[in-house]
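Peer 1: Take this structure, written in structure tokens, and hold onto it; I'll ask about it next.
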Amino acid sequence: MVSMKKLLFTRESACIQPIRELIEQQNHRTLVLWALDSASFALNIFESRSDDLRPRQAVEAAGLWASGSIKMPDAKKAILACHKAATESGSDPVTEAAARAVGHAAATVHVETHALGLVFYGLTAAAYAKCPYTMPNDAEALVADELDWFYERLTYWEIHAEDKKRSWAPFLLKDSPNKEKLFRQKQEQKMKNKV
């Protein structure tokens with residue numbers, strides 16, 4: 001059997017750059033709404049192959065945390081349980097990647113840099129689902145529609161995040177620089193310093 005990579009996409013993947021740039025332009029609340037909404041993509045893949053409830057419970061806990069209904073330790077426990085479900089998925093790369101995508105979606109409540117994890121792992125799950133038991137030759141082409149869907153959902157939330165009044169945990173009401181954008185700037189500075 002071919003050894004399967006845990007991730008087929010990274011921050012450096014050419015196809016990821018448009019959504020990465022769009023993520024960098026968003027405030028934390030918009031990314032939370034997008035991630036929790038878009039978690040359904042990976043949940044559908046996961047739940048089509050497993051009856052484990054931990055990924056769904058992680059999304060539910062993250063939503064409660066974002067609204068201020070529960071505190072971080074409770075949500076963190078559910079998110080870590082979701083990642084444990086990924087680890088326990090055995091040799092199924094689709095289920096593992098889908099559970100990790102959900103875990104990153106839920107962890108976006110904590111910090112924006114997890115948002116791309118939803119995309120990386122979600123696309124990886126989709127690519128492996130389309131090419132069972134083999135390494136996809138052109139993963140980017142296989143998941144172009146799925147990547148467009150993630151982008152379209154984010155543009156939706158960019159426009160509609162403030163449409164209705166929502167309860168937010170106090171830490172999400174504080175506007176601060178986008179952590180994904182700061183991460184890119186730090187990486188770029190590191191590369192300049194090497195030259």
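What follows is calculated from the coordinates using simple rules that are stated; it is not laboratory data. In this text the structure is predicted, and so the values were computed from the model without any measurement. Every residue, glycine as well, gets a Cβ built from its backbone with ideal geometry; the counts of neighbours run over all protein chains shown.
Peer 1: What ranking do 140-148, 29-37 get when scored by the average of other Cβ atoms within 10 Å per residue, highest first?
Peer 2: Going by the mean number of other Cβ atoms within 10 Å, highest first, we get 29-37, 140-148.
Peer 1: Still on this structure: Let me confirm the definition first: pairs of Lys residues in region 14-194, 8 or more apart or on different chains, C-alpha distance under 19 Å. How many are there?
Peer 2: Lysine pair count for region 14-194: 8.
Peer 1: Given only helices, namely DSSP H runs of n ≥ 4 each adding -39500 (n - 2.57), what is the per-residue ellipticity at 222 nm of the chain, to the nearest 500 deg cm²/dmol?
Peer 2: Rounded to the nearest 500, the figure is -21000 deg cm²/dmol.
Peer 1: Counting other C-beta atoms within 10 Å, which of Trp65, Trp149 has the fewest, and how do the rest follow?
Peer 2: So the ranking, lowest neighbour count to highest, is Trp149, Trp65.
Peer 1: Can you sort Thr95, Thr87 so the residue with the fewest Cβ neighbours within 10 Å comes first?
Peer 2: In increasing order of surrounding Cβ atoms, one gets Thr87, Thr95.
Peer 1: Hey, can you list the DSSP H helices of the chain whose Cα span along the axis is 30 Å or longer and whose average Kyte-Doolittle score is at least 0.0?
Peer 2: none
Peer 1: Separate question: Give me the distance between the Cα centres of region 1-80 and region 137-153, rounded to whole Å.
Peer 2: 16
Peer 1: How far apart, in nanometres, would the label points at Lys194 and Leu182 be if each is projected 7 angstrom from Cα along the Cα-to-Cβ direction?
Peer 2: For the pair Lys194/Leu182, the computed spacing is 2.3 nm.
Peer 1: With springs only between Cα atoms under 10 Å, which of Gly63, Gly122, Gly90 fluctuates most in a Gaussian network model of the chain?
Peer 2: Gly90
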